[in-house]
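Here is the structure we will look at, set down as structure tokens.
Readers should treat all values here as calculations from the given coordinates under stated rules, not as data from a laboratory. Predicted model only: the values in this text are computed from it and were never measured. Every residue, glycine as well, gets a Cβ built from its backbone with ideal geometry; the counts of neighbours run over all protein chains shown.
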Amino acid sequence: MFCRSAFRAALPLRTQARRYATESGSQGGGGGSNTFLYVAGGAALAGAGFWYMSGTPSAQKAEAKVKQAVGGAGKPAFTGGDQGFVSLKLADVETVNHNTKRFRFELPEGDMVSGLQIASAILTKYKGPSDEKATLRPYTPISDEGEKGYMDLLVKKYPDGPMSTHLHSMAPGQRLDFKGPLPKYAWAENKHEHIGLIAGGTGITPMYQLLRAIFNNPNDKTKVTLVFGNVSEEDILLKKELSELENTYPQRFRAFYVLDKAPKGWQGGTGFITKDLLKTVLPEPKGDNIKLFVCGPPGLMNAVSGNKVNPKDQGELVGALKDLGYSKEQVYKF
Ligand SMILES: Cc1cc2nc3c(=O)[nH]c(=O)nc-3n(C[C@H](O)[C@H](O)[C@H](O)COP(=O)(O)OP(=O)(O)OC[C@H]3O[C@@H](n4cnc5c(N)ncnc54)[C@H](O)[C@@H]3O)c2cc1C
């Protein structure tokens, strides 16, 4: 989850973002999505609307969808406690871009779900033939928690990174040890009125887990603003999925992309994520029930919120979010 380490101006996006914020309406109570009209979108997006507005699904269908989104149906493969590591077989590998692959691992039984709740991660373990000790690294699956029989990881390769290099060398049929879940921020529907997600690189995976939980659940009316920084356009992971969500929920989900190396004609921000951009697009700190989530490379974390001390200690809030007036309690570092 490492992508860059400093702030630079993102002027092209600023004007657009400011208009969006101006029209976003009140922050206070109620949760009425009609007070949260985003600027970009136009007729096509407006026409899409919320899926539940264009035809209310049956209660049964809705319930099944919620279960699929947040887990809760099927026997869990990962139960935590003293379960120890579970060996999973790699079923399929898909190359996503120049440094990232999607890995599909089979759960031990075909009708099992992962057992992960929102939000949580999974721990991998690998010890190479010449390694003195095993390497342990956490990952956040990108498949729905209610998906049966498999679990997908999206992993970026670091040339000197033992786990990502090992994963990228794996072929279908080989096995890897997993343990979990590793609980993170416990999400519940409508827990917050408006959340802001600030991600860099593969830091998008825990954000995507939250997005899936929120938008696959027709009962959850949370509004979400994503600020997603990457090096280049081809590094934007899950772009198709994020665009689909933005098109389907134009009044509740808005994504702002910032690139270090923007191509000609790029409509988003360039450089690094700036304090100005965050101020313009994020829910205001004085909002009654807002929460910000941050996940990215150490440089981004330092500049935006400061790094967490360890999984149990979020550390002090510093950086841009502190400067903008947010409290430590309003920010969660994955
Ligand atoms: C909760 C959680 C969920 C995660 N989910 C995902 C996910 O879904 N997908 C994913 O790809 N990754 C994810 N990660 C990151 C993942 O756990 C590994 O850190 C990553 O895959 C690299 O592991 P590695 O063993 O290959 O390399 P590492 O040995 O961990 O290092 C990787 C590279 O980063 C550089 N590096 C290490 N530390 C620093 C530093 N402090 N500053 C700058 N550079 C540094 C090293 O030089 C090396 O080249 C997640 C991390 C957390 C904490």
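Below is a table of values for the structure above.
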| item | result |
| --- | --- |
| Residues ASP288 and LYS125, FRET efficiency given R0 of 51 Å [Cβ-Cβ distance, rounded to 0.05] | 0.75 |
| Ascending count of other beta-carbon atoms within 10 Å, so fewest first, for SER232, SER120 | SER232, SER120 |
| Candidates per trypsin sites (Lys or Arg not before Pro) in segment 110-149, loop by DSSP, up to 11 other Cβ within 10 Å | LYS133 |
| Packing-based exposure ordering (other Cβ within 10 Å, fewest first) of LEU116, LEU226, LEU123 | LEU123, LEU226, LEU116 |
| Burial ranking of peptide ranges 320-329, 165-174 (average Cβ count within 10 Å, highest at the top) | 320-329, 165-174 |
| Taking GLU193, GLU132, GLU109 and counting other C-beta atoms within 10 Å, the order from fewest to most | GLU132, GLU109, GLU193 |
